[in-house]
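Reading through the structure tokens given below for one structure.
Here, each number is a calculation from the coordinates, and none is a lab measurement. These figures come from a predicted structure and were not determined experimentally. No Cβ is skipped: glycine too gets one built from the backbone with ideal geometry, and neighbour counts run over all protein chains shown.
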Amino acid sequence: MANVKVYSTPTCPYCIRLKQFLKDNNIQFEDIDVASNQQAAQEMVDKTGQMGVPVVNIDGEVVVGFDREKISQLLGL
């Protein structure tokens, strides 16, 4: 099973869609709220060089934004 981390904010519509997509495909993930966790926000910026959410980390492979095709490919869907 893939190790999936989602860096998101509660108000981001793409974050909500991404998390629903993962739930619909029975993918377990860790949801990290970068709006309330400054350390996680910094970790996300260090990995991607930007502040935009969502950011998905799938087994060390980072995807910025809700790129359904790329995420499906990395998860083998």
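Overview of values
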{"quantity": "Computed label-point distance, nm, for sites residue 36 and residue 73 using a 7 Å Cα→Cβ extension", "calculated": "3.5"}
{"quantity": "Cβ-defined net charge surrounding residue 72, 13 Å radius [Lys, Arg +1; Asp, Glu -1]", "calculated": "-2"}
{"quantity": "Over the chain - Rg/Rh using Cα atoms and the Kirkwood inverse-distance radius", "calculated": "0.93"}
{"quantity": "Projected-area mean, region 36-77, by convex hull of Cα positions, square nanometres", "calculated": "3.1"}
{"quantity": "For the chain, size of Cβ-based charge dipole, Lys and Arg +1, Asp and Glu -1, in debye", "calculated": "200"}
{"quantity": "Relative contact order of the chain, pairs being alpha-carbon contacts under 8 Å that are 6 or more residues apart, as %", "calculated": "36"}
{"quantity": "Anchor residue 23: aspartates and glutamates whose Cα lies under 19 Å away (excluding residues fewer than 8 positions away in-chain)", "calculated": "31, 33, 59, 67, 69"}
